[in-house]
Every structure is written in C-alpha cells, then in structure tokens.
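None of the figures in this text is laboratory data; all of them are computed from the coordinates on show. For clarity, every value in this text was computed on a predicted model and none was experimentally measured. Counting neighbours? That spans all protein chains shown, and the Cβs are built from the backbone with ideal geometry, glycine included.
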Amino acid sequence: MTGYYDLILGLIPLALIGVTGIVSAAGLSLTAAVPVGATVSVLLIGHALFVNGPVASASESTSVTSSLQTNSAE
C-alpha cells in the first residue's frame, strides 16, 4: 500500500524535473527554471516534515516514556 511519504518521495524528483521542464518550455531560461523547480521540491519536503510530520503513535510514545521512567528510578 502506498502511503503519504511514499508519494512525497516520488513527487520530489517529479516536481524538480517536471516543473523545471514546464517552466523552461514556457519560455524561461534553464538557469531561471531550475530554482523554480527546486522551490516546489523544497515546499514538498517542508510539508512532509513540518505540516504533516512523522510522529510516533500514542502507544509507542507511552512505552518509551514508561521505559525511561523505569531506567531513571534504578
């Protein structure tokens, strides 16, 4: 099953190459088109990291917290 992060990993190079190609075909020079494509890729990475960031589920975080409390008591 394809998850959100699998889609992001596929979209990063696709956005870089695709947006660069489209902007270049629209008339901008390649030197100006590459930063535009890179900006779209960076926005995708930023969304994946900060807006929809990977977090541990509640059961995982409670087990880590309980193991830390057990180790600190010893």
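What is the order of LEU28, LEU44, fewest Cβ neighbours within 10 Å to most?
Values: LEU28 15, LEU44 18.
The fewest-first ordering by Cβ neighbours comes to LEU28, LEU44.
Stretched out fully, how many nm does the piece from VAL34 to HIS47 gain, at 0.36 nm a residue minus the Cα gap?
Working: separation 13, 0.36 × 13 = 4.68 nm, distance 2.01 nm.
So the extension gain works out to 2.7 nm.
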